Each structure stands twice: as C-alpha cells, then as structure tokens.
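Bear in mind that the values in this text are calculations on the coordinates, not laboratory data. No experiment lies behind these values; they were computed from the predicted model shown. Here the Cβ is made from the backbone with ideal geometry for all residues, glycine too, and neighbour counts use every protein chain on show.
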Ligand code: A2P
C-alpha cells in the first residue's frame, strides 16, 4: 500500500478555509453514479491526482465512495470526503443521526466536510440543523462544516444565531449562471464558494465561445470552463464517470486564460439554471 501511495502525485492546490483546514480546489462529483460506478470513478480519480470526493446521502452511493477510497491505495488522511445532510433529515437530532448513518455507509470515522444540502426556507429548520453540524464538528465527526444552496441572508442568519459561519457554500455555478452577487456575499463573510455542476451538467460545453477558446488554447472545452473557475478562486467538483474525462478535468493547473478571454467568459452569464431554485426546492 505505502509503495503505491508514494507514487500517486497530485497537482491540485489546496485552499485554506475560515476554520484553518485546507480543501482541494478541484474534486470529483459523483451525483447520479450508483455504488459500483462511484467506486470505479473514485478509484480512478484518486489515482489521477484528485483528493476531494463530493457525495451526499441523497446520491445513494456513499458505500461505493467509501469502497473507492479504500481501494485507491491512499491513506485516509490524504483524501478529503464531503457528504451532505438531506432535506428530510433537517433538525438537531435528525441531522446527527443522518451523519452517523452516512459514516456507516462510507465506512469512515469522520468526513472532512459536512454540508446542509438545501436550506428549505419554508421548513425553517436550517438553523437548528446548523447547530447539529457545529456539535458534530466538536465531536470530530466532521472536520469542517458548511452549507449548500444558501443565499446571503441565510448565511447572515446562521451567523447571527450561532456566531459560526460555514466554511463553504456549495452553489450551482457555471458560465451560464455566474452568481456574482452570491459569490460576493460569500467572500465578504470569508465563506469559500464551491461550484456544483461547474460544467452546467455538460450543457455549457457546447457554447461557441467555449469552443473557440478550446481551439485557441488547444484544450478540451471542459478544461476551459474548469480553468475559468479556478482562476477566479472558485472551488469546483465536476462530475464524470468516464476515466479519460475524469483525468482530463484535473489538468487545468498548467495553463492560464488571458484577461480578454476571462472577460469573454464573463459575458456568457445569462442567469440560466440547470438545477432547482433554492427558494422553491424541497417542499
Ligand atoms: P460523463 O459522466 O459521461 O463524463 P457537471 O459536473 O457540470 O454536472 O457536468 C457533468 C456532466 O458533464 C456529465 O454528463 C458528464 O458526463 C459531462 N462531462 C464531464 N466532464 C466532461 C468532459 N471533459 N467532456 C465532456 N463532457 C463531460
């Protein structure tokens, strides 16, 4: 094991979070993978230099993720695993039970990052759920805690009521939905922005501006988009089940987009979601 481990190198930089822990800037998303596919993708990604795997109880593949981590040849400390509390497990006790069940499925003693998956404002349980995450962090079951799909006012409320800010806010973010206002709100609070569906579920790859830049830089369209994310300091978790695409998506730290091209990409923002809206999702 240790011989394999020493040969697996990573080019992916780590970024510091507001709790002092570090997070890899790029990771693998596994939404829509079943257990077997997740295990294969996770193994492939970790051997290709990824260090962050992003799953959720709602994905139904935590067992596969845990298997892939164990089979990768890396030590636990070298891998950063994120999971999330699903909407039906919001609440102080429910969220704690949900993480314990996730850890059981993952076969892990702790996760590196635990997120509240959606705020569900009409349920109005996200503050007590957040208190549960704070408690789980104190117990060492989650190293860092954060949220997903929260807006600025919801982050403010967490802070007002608990004096604790999330380390990360994971939001839908890609060239067609650039989330300028929310990224500014996250940054003002010292909360890291992490992009889910960073490729717009693959749809943004077909944009002609992306195609032009792919040609110019001699890169894949996905690499152009992922480079745009990392060059702005955004964290990203592209999903792929294809080994070549998994490997290619991590090769974005050896080139840079020039200022004109970053401006051209900024022009693609059109407020178009590929996923649900946080105001209405979950009820
Ligand atoms: P696949 O799993 O077959 O590679 P997002 O992360 O924005 O949700 O996008 C995920 C979608 O984009 C998946 O359908 C995935 O398909 C596809 N995808 C991921 N990486 C690439 C790539 N490098 N080139 C083309 N399609 C990609």
Taking neighbour counts of Cβ atoms within 10 Å as a proxy for exposure, in what order, fewest first, do 134, 246 appear?
134, 246
Using a 10 angstrom cutoff on alpha carbons, build the Gaussian network for the chain and name the most mobile of 206, 114, 46.
206
Computed over the Cα atoms, what is the radius of gyration of segment 127-283 divided by 2.2 N^0.38 Å, N being its residue count?
1.13
Spherically averaged projected area in nm², based on the convex hull that wraps the Cα atoms of segment 171-236
4.0
Fully extended contour minus Cα-Cα distance, from residue 216 to residue 36, at 0.36 nm per residue
61.1 nm
If one builds a Gaussian network model of the chain from Cα atoms under 10 Å apart, the most fluctuating residue listed among 175, 13, 208 is 208
The chain - Rg over Rh from alpha carbon coordinates, Kirkwood radius:
0.95
Distant alpha-carbon pairs in segment 30-81 (separation over 11 angstrom), percent:
61
Order of 16, 220 - criterion: other Cβ atoms within 10 Å of each residue's Cβ, fewest first
16, 220
Quickly estimate the mean residue ellipticity at 222 nm for the chain, helices only: each DSSP H run with n ≥ 4 gives -39500 (n - 2.57), and the total goes over all residues, rounded to 500.
-12000 deg cm²/dmol
Max mean-square fluctuation residue, GNM over the chain, Cα-Cα springs under 10 Å, options 193, 129, 184:
184
Rounded to two decimals, what ratio of Rg to Rh does segment 213-258 give with C-alpha atoms and a Kirkwood Rh?
0.94
For segment 191-283, I need the span (max minus min coordinate) of the C-alpha atoms along each principal axis, in Å, sorted largest to smallest.
45, 31, 28
Debye calculation, C-alpha points only, no solvent: report log10 I(q)/I(0) for segment 89-197 at q = 0.11, 0.19, 0.22 Å⁻¹, in the same order as the q values.
-0.33, -0.95, -1.20
Length released on extending from residue 241 to residue 127, taking residue separation times 0.36 nm less the Cα-Cα span
37.5 nm
In whole Å, largest first, what are the principal axis extents of the Cα atoms in segment 1-104?
43, 35, 22
So in segment 157-283, what percent of DSSP beta bridges are antiparallel if you round to the nearest 5?
10
Dimensions (Å) - segment 136-222, Cα atoms, principal axes, largest first:
49, 28, 19
For segment 131-209 versus segment 17-37, the gap between their alpha-carbon centres in whole angstrom:
13
Tell me the label-point distance for the pair residue 254, residue 88, using the 7 Å Cα-to-Cβ offset, in nm and rounded to one decimal.
4.6
Obtain the radius of gyration and the Kirkwood radius of segment 61-131 from its C-alpha atoms and give Rg over Rh.
1.04
